[in-house]
Amino acid sequence: MAILNKNGKLRGRIGNYIHREVNGKQVIQSSPQPRAPKGGTIVENHKFQVAAQLSAMLYHPIKDFAWDRSYSYLHGRLTSAIKTLLFSDGEQQQLGKYIALDKNNHLQEIFNELPTTSKAGSQLEIDIPKIKATKGNKKLANAEYISYEVALMNFSDDGILSTEQLLKTERLKLDREYAGQRLTVDLDKRISLGTDLLLVLIRTELFKYLNSSAFLNSKVLNPAGILGLWKLG
């Protein structure tokens, strides 16, 4: 719809034309028409749609695993990782890509370096470095105890999602030194291989006291992450 301004000039749309004033002159333009995507754009849109749909299915189970405290960027980062995984022209990377589930990647405050996961065929190796954090660390809410858990999450073609715990530690006092751990998993003995998606995840719990009934984790401070994502089969 077009209207007359205080100078008696038209401003707005009439039919397929837009009336406006530029430098004191009346200008009439044809309105821009939407362009249908084609070629590579259609392909990329399809890839993004597939990845986004899978991400939406995995989002809530992953968020629940992270104590329902994952940060808002999870869906976008997960979509990007799935799109790369499903539609990359090259071979799958053996080493898993780490995706932090909290704002400032506090997992790196706990271990000497970030835990890693690699997959070769049906063999999965998960390396958990030794803990470097000490009690009284303000970046970890002055926690004095910590426990951590590693799990597999398997999403199948028929939409069934399963989670299997691989390791859960007791509460560890942060003024002591604990050696790192290596977990070796034979996937043939754990899950049926198909065209499913496999995720390896880690989460922690921070405590002030050994017998605390509540942990100190929050949305901002929640050391948890995805250690790797693979397409099976």
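Rounded to the nearest 0.05, what FRET efficiency do Met57 and Asn16 have when you use their Cβ-Cβ distance and R0 = 41 Å? Spell out each step's value before the answer.
Numbers: r = 43 Å, r/R0 = 1.04.
After rounding, the FRET efficiency stands at 0.45.
Taking Cα pairs under 8 Å and at least six residues apart, what relative contact order does region 124-233 come out at, in percent?
Values: 213 pairs, mean separation 35.5, N = 110.
Result for region 124-233 is 32 percent.
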For region 97-233, just say rounded, prolate or oblate: build the C-alpha gyration tensor, square-root its eigenvalues into a ≥ b ≥ c, call rounded for a/c under 1.5, and beyond that prolate if a/b exceeds b/c, oblate if not. prolate
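Which order do Met153, Met57 take when ranked by solvent-accessible area (1.4 Å probe, heavy atoms of all protein chains), largest first? Don't skip to the end; give the middle numbers.
Details: Met153 0, Met57 105 Å².
I get Met57, Met153, largest accessible area first.
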Using a 1.4 Å probe on the protein heavy atoms, what percent of the accessible area of region 114-233 belongs to carbon and sulfur? 47 percent
Estimated FRET transfer efficiency when R0 is 22 angstrom, pair Asp188-Thr84 (beta carbons, to 0.05): 0.30
Residue-span extension gain [Lys219 to Phe48] - 0.36 nm each, minus C-alpha spacing: 58.8 nm
Env charge @ Asn137, Cβ radius under 14 Å, K,R +1 / D,E -1, value +3
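Could you order Arg20, Arg182 by accessible surface area, starting with the largest, using a probe radius of 1.4 Å?
Details: Arg20 95, Arg182 145 Å².
If we order Arg20, Arg182 from most to least accessible, we get Arg182, Arg20.
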Calculate, in whole percent, how much of the Cα-Cα pair population of region 157-208 lies beyond 17 Å. 53 percent
Simple SL model, points at 7 angstrom along Cα→Cβ for Ser118 and Leu166; separation in nm is 1.4 nm
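The values are calculated or read from the model by the stated rules, or taken from the named source; none is laboratory data. Bear in mind that the values here come from a model prediction, so they are computed numbers and not experimental data. For neighbour counting, all protein chains shown are included, and Cβ atoms are generated from backbone atoms with ideal geometry for every residue, glycine included. We work out accessible area using only protein heavy atoms, side chains counted, and drop any ligands, DNA or RNA first. Shrake-Rupley method; radii C 1.70, N 1.55, O 1.52, S 1.80 Å.
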